[in-house]
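Colleague: Dropping a structure here in structure tokens format, bear with me for questions.
The values are calculated or read from the model by the stated rules, or taken from the named source; none is laboratory data. What you are looking at is a predicted structure, and each value in this text was computed from that prediction instead of being measured. Don't worry about glycine lacking a Cβ; one is built from the backbone with ideal geometry, like all the others, and counts go over all protein chains shown. Ligands, DNA and RNA are stripped out before the accessible areas are found, and what is left, the full protein with its side chains, is counted by its heavy atoms. Shrake-Rupley method; radii C 1.70, N 1.55, O 1.52, S 1.80 Å.
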Amino acid sequence: MPGGYARAFEVEKDDIITVIDLEGGQIADFIAFNRNRLTECFSPSHTRLALQSTRLKVGDALRSNLRRPMIEVIEDTVGTHDFLIPACDEQRYWVDYGVREHRSCVANFEDALIPWEIPRKHIPDPLNIFENAAVGIEGTLVHLPVISKAGDRLVLKALMSLVCAVSACPMDLNLTGGERITDIRVVIERRT
Ligand SMILES: [Zn+2]
């Protein structure tokens with residue numbers, strides 16, 4: 001994915017999806033839909049409940065809005081991935097920073113998902129791969145700069161056929177996504 005842009009793609013059950021931070025310090029927003037029932041999608045809130053955690057670890061499953069396991073985490077070289085914070089959209093840049101017509105992950109997803117006719121209102125909250133956020137003492141949301149280095153990766157296994165989209169987040173108005181917008185590589189492997 002070129003820095004600031006998104007792509008969508010289909011995978012089969014048991015395919016391996018590797019998301020790589022090529023230069024370090026880049027957040028990759030990730031969403032997924034059941035390819036055979038597009039109203040079923042990745043759900044951060046259902047995942048938090050199923051895991052009883054706000055942190056992912058190897059062996060965890062991302063859950064759908066129907067509470068079913070969709071994707072398993074099989075390798076992680078970073079350890080910080082967020083599923084508390086919504087994807088950036090036009091309003092994030094306008095309301096919070098006073099900037100109009102900024103690229104955003106939600107607009108990126110909307111464009112990338114046109115071939116599947118998935119409208120904006122059905123785009124779920126994402127897994128923010130490499131984003132470094134957590135719940136702190138007394139419930140505060142702690143939002144820190146990304147710690148991923150060049151070549152760091154999160155490896156996922158599809159537990160059902162999926163439509164996925166990844167956006168190399170265009171946020172450049174705070175340091176949570178690093179100092180520059182850089183490319184993300186996604187590798188899909190089919191193990192037959
Ligand atoms: Zn974003």
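Colleague: So if each residue of separation counts as 0.36 nm, and I subtract the Cα-Cα distance between residue 135 and residue 175, what length gain in nm does that give?
Modeller: Working: separation 40, 0.36 × 40 = 14.40 nm, distance 1.84 nm.
Extra length available between residue 135 and residue 175 comes to 12.6 nm.
Colleague: Oh, and also: Using a probe of 1.4 angstrom, how much of the accessible area of region 65-192 is carbon and sulfur, in percent? Write out the running numbers ahead of the final one.
Modeller: Working: 3360 of 6680 Å².
For region 65-192, the apolar C and S fraction of the accessible surface comes to 50 percent.
Colleague: Under a point spin-label approximation (7 Å from Cα along Cα-to-Cβ), what is the residue 190-residue 74 distance to one decimal in nm?
Modeller: In this crude label model, residue 190 to residue 74 measures out at 1.5 nm.
Colleague: Count neighbours as other Cβ atoms within 10 Å of each site's Cβ, and list the trypsin sites (Lys or Arg not before Pro) in region 85-191 that are DSSP loop with at most 10 such neighbours.
Modeller: Numbers: sites: 92, 100, 103, 120, 121, 149, 153, 157, 180, 185, 190, 191; in loops: 100, 103, 180, 190, 191.
When the trypsin sites (Lys or Arg not before Pro) of region 85-191 are filtered for loop state and at most 10 Cβ neighbours within 10 Å, 100, 190, 191 remain.
Colleague: Express in nm, to one decimal, how much length is gained between residue 66 and residue 94 on full extension, taking 0.36 nm for each residue of separation and deducting their alpha carbon distance. Working shown, then result.
Modeller: Details: separation 28, 0.36 × 28 = 10.08 nm, distance 3.31 nm.
Gain on extension, residue 66 to residue 94, equals 6.8 nm.
Colleague: Once the mean 1/r over all distinct Cα pairs of the chain is inverted, what Kirkwood radius in angstroms do you read off?
Modeller: Values: mean 1/r = 0.0608 Å⁻¹.
Here the Kirkwood hydrodynamic radius works out to 16.4 Å.
Colleague: Between residue 117 and residue 48, what is the label-to-label distance in nm when each label sits 7 Å out along the Cα-to-Cβ direction?
Modeller: About 3.4 nm separates the two model spin labels.
Colleague: Based on the Cβ-Cβ distance of residue 23 and residue 159, what FRET efficiency does E = 1/(1 + (r/R0)^6) give at R0 = 35 Å, to the nearest 0.05? If you can, show how the numbers build up before the last one.
Modeller: Numbers: r = 30 Å, r/R0 = 0.86.
Taking R0 as 35 Å, the efficiency between residue 23 and residue 159 is 0.70.
Colleague: List the residues of region 32-58 whose backbone N lies under 17 Å from a point placed 7 Å from the Cα of residue 144 along the Cα-to-Cβ direction.
Modeller: In region 32-58, the label zone of residue 144 (backbone N under 17 Å from the point 7 Å along Cα→Cβ) covers 54-57.
Colleague: Along region 13-29, what does the Karplus equation 6.51 cos²θ - 1.76 cosθ + 1.60 (θ = phi - 60°) give for ³J(HN,Hα), rounded to whole Hz, x for Gly and Pro?
Modeller: Once θ is set to phi - 60°, the couplings for region 13-29 become 3, 6, 5, 10, 10, 10, 9, 10, 7, 5, 10, x, x, 10, 8, 10, 6 Hz.
Colleague: Mind ordering 50-59, 125-134 by average Cβ neighbours within 10 Å, highest first?
Modeller: 125-134, 50-59
Colleague: Among all the lysines, which ones have a C-alpha under 27 Å from residue 149's C-alpha, if same-chain residues fewer than 8 places away are not counted?
Modeller: Output for residue 149: 57, 157.
Colleague: Between region 136-191 and region 60-134, how many Å separate their Cα centres?
Modeller: The two parts, judged by their Cα centres, are 9 Å apart.
Colleague: So what is the accessible area of region 6-189 per residue, in Å², with the probe set to 1.4 Å? Display every interim value, and only then the final one.
Modeller: Values: 8560 Å² over 184 residues.
The answer is 47 Å² per residue.
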